[in-house]
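The values are calculated or read from the model by the stated rules, or taken from the named source; none is laboratory data. What you see is a predicted model, and the numbers here were worked out from it, not measured in a lab. Counting neighbours? That spans all protein chains shown, and the Cβs are built from the backbone with ideal geometry, glycine included.
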Amino acid sequence: MTRDTNEIELIKEELVKRTSPTLTIYDIDANAELVHDILALKKKHNVLMLGHNYMEPLVFGLSDENEKGDSLGLSMSASKTDSEYIIFNGVPFMAETAKILNMSKRVFVADKSAGCSLADEFTPEDVLRLKELNPGVPVMTYINTYADVKAECDVCCTSANAQDIAMRMPGDSIIFVPDIYFAQNLKEELGDKKKIIYPNGNGDGVKGAICEVHEMFTLEDIRLVRDSFGIEKENPDGMIYVHWECKPEVLREADFFGSTTQIRKDIAQRVSEGSLKKAFIASECELTSNLMQEFPTVEFWTACYVRCQHMAKVTLKGIHDVLVAIDSGSDLSEYEILIDEEVARRANRSINKMMELSV
C-alpha cells in the first residue's frame, strides 16, 4: 500500500494528543503506519467500524464518533448503515447482535476466539431448565449472551434498562440470566415490586455466570480508593463509578452505579457543571483510558491490572488482516459472523421486545 509520509505524521500528532495510561510514544511510533493503512482500507471499502468502549485506545480511535459506544447501541447504529461490511471491534456475542439486526450485511470480528465469561458459561439448556422449574415465568436475558440463548428468552435487556424492562414484563416474577451479581443487585433495587429468579439463587443447580472483570473489584478496593484518592461520599468533586455487574457490596459503597453509557453521561453532566475534579471507574481499564481522552479536565484513577483478556484479543493487526482479506477478495470465514436464520429470527424477537418496552 502506498503511504503518504505527511499523513502518517499527522496521525502521530493526533495520537500524541491522547491522554492514556496504556498509550506511550513508543506505541505511537510503532503503530502509526498500521493505523494509516487501516484507515485507508476502511475508507476505500466504506467499512462501518464499530468500536466498543472497552477497546484499547489505538483500536478505539479507529472508529468515528458515531461508531463508538456500548454493544447494543453500536448494533442499533449498524442497522442504519448502507455499508456492505461491518467490522465490530468487540467480542463475538456483540457482533452477533449486530448481525441479527442486519442479516443482509456481512459482519466481522478480528478474532472469533475472543469470548466472554458471561456468555461462554451460559447455554440454551440452562434457560430451558429454569423455565421448566418456573413454568409460565418470563425470562429476561442480559444482552451479554449468544444468539442461541437469546432465542430461548422472552426479552433482552441492557444494564441501562434492566429495571424498566423487568417491571414492564407481565406477572410478579421474572427470571433473569445469566449474571448472578447483576441479578442480586437488581433484586435489591426492585425489592418487593418484582421477584427476581436467577441461576442457583434458590439452590436449583443451574449454573449462572459472573463477569470476570467486574468480579475483581472488592469492597476493600473501593474503600482504599476513597482513602488514597481522597474521594469523600456526597462530595461532588470526586466520584466512584461502578457497574451493575460488580458485587452488591461494591455497588452500595459507590457514589454512582449504572451502565457504561449512564456513567459517561453522568461524567459529562458533572464536567459541564464544573463540579467533577476526580473519578475512579471500577471497570475494564481501557474504558478509563478512553474517558481520559474525552474528559481531560478530570483526574482519573484506574486499575490497570483489571483487563478483559477477551477484549484484548482484538488488535490492530487482527483488524488489518480482516481489511486486507476484504481488499484482496480472500476467504473471510475466519472472521465472519454467521447465524442460523431461525435462531436469528427468534433472538431478534427478544431484542425487538426490549425495544418495544423501551419506548
Given the criterion at pLDDT 95 or above and in contact with a strand residue (DSSP E or B) (Cβ under 9 Å, 6 or more places away or on another chain), identify the matching residue among ALA282, ALA347, ALA303.
ALA347
Please state which of the following conditions HIS52 fails to meet, knowing it meets all the rest: (1) without any contact (Cβ under 8 Å) to a residue 40 or more places away in the chain; (2) in contact with a helix residue (DSSP H, G or I) (Cβ under 8 Å, 6 or more places away or on another chain).
(1)
Considering residues of the stretch 114-124 that are part of a helix (DSSP H, G or I) and not charged (D, E, K, R) only, the residue farthest from the chain's Cα centre (by Cα):
PRO124
In the stretch 222-263, what residues are over 18 Å from ALA303 (Cβ atoms) and not in a loop (DSSP other than H, G, I, E, B)?
PRO248, ARG252, GLY258, THR261, GLN262
Looking at ASN200, ASN235, can you tell me which residue is over 27 Å from GLY69 (Cβ atoms) and free of Cβ contacts under 8 Å to residues at least 12 places away in the same chain?
ASN235
Out of (1) in a helix (DSSP H, G or I); (2) under 15 Å from VAL206 (Cβ atoms), the odd one out for VAL137 is which?
(1)
Here the residues within the stretch 130-143 that are in contact (Cβ under 8 Å) with a residue 40 or more places away in the chain and either among the aliphatic types (A, V, I, L, M) or over 16 Å from ASP179 (Cα atoms) (or both) are LEU130, LYS131, LEU133, ASN134, VAL137, ILE143
Quickly run through the stretch 137-151 and pick out the residues that are touching a Cys at 6+ places or on another chain (Cβ under 7 Å) and either outside the structural domain of PHE176 (by TED's automatic domain parsing) or under 10 Å from VAL343 (Cα atoms) (or both).
LYS150
Here is a check on your reading of the model: is ILE100 β-branched (Val, Ile, Thr), more than 17 Å from LEU357 (Cβ to Cβ) and in contact with a helix residue (DSSP H, G or I) (Cβ under 7 Å, 6 or more places away or on another chain)?
yes
So GLY73, is it in contact (Cβ under 8 Å) with a residue 40 or more places away in the chain, surrounded by fewer than 24 Cβ atoms within 10 Å (Cβ to Cβ), over 22 Å from ILE180 (Cβ atoms) and touching a strand residue (DSSP E or B) at 6+ places or on another chain (Cβ under 8 Å):
no
Working only within the stretch 275-325, note down all residues that are touching a Ser or Thr at 6+ places or on another chain (Cβ under 9 Å), under 15 Å from ARG264 (Cα atoms), assigned to a helix (DSSP H, G or I) and not aliphatic (A, V, I, L, M).
CYS285, GLU286, THR288, SER289, ASN290, GLN293
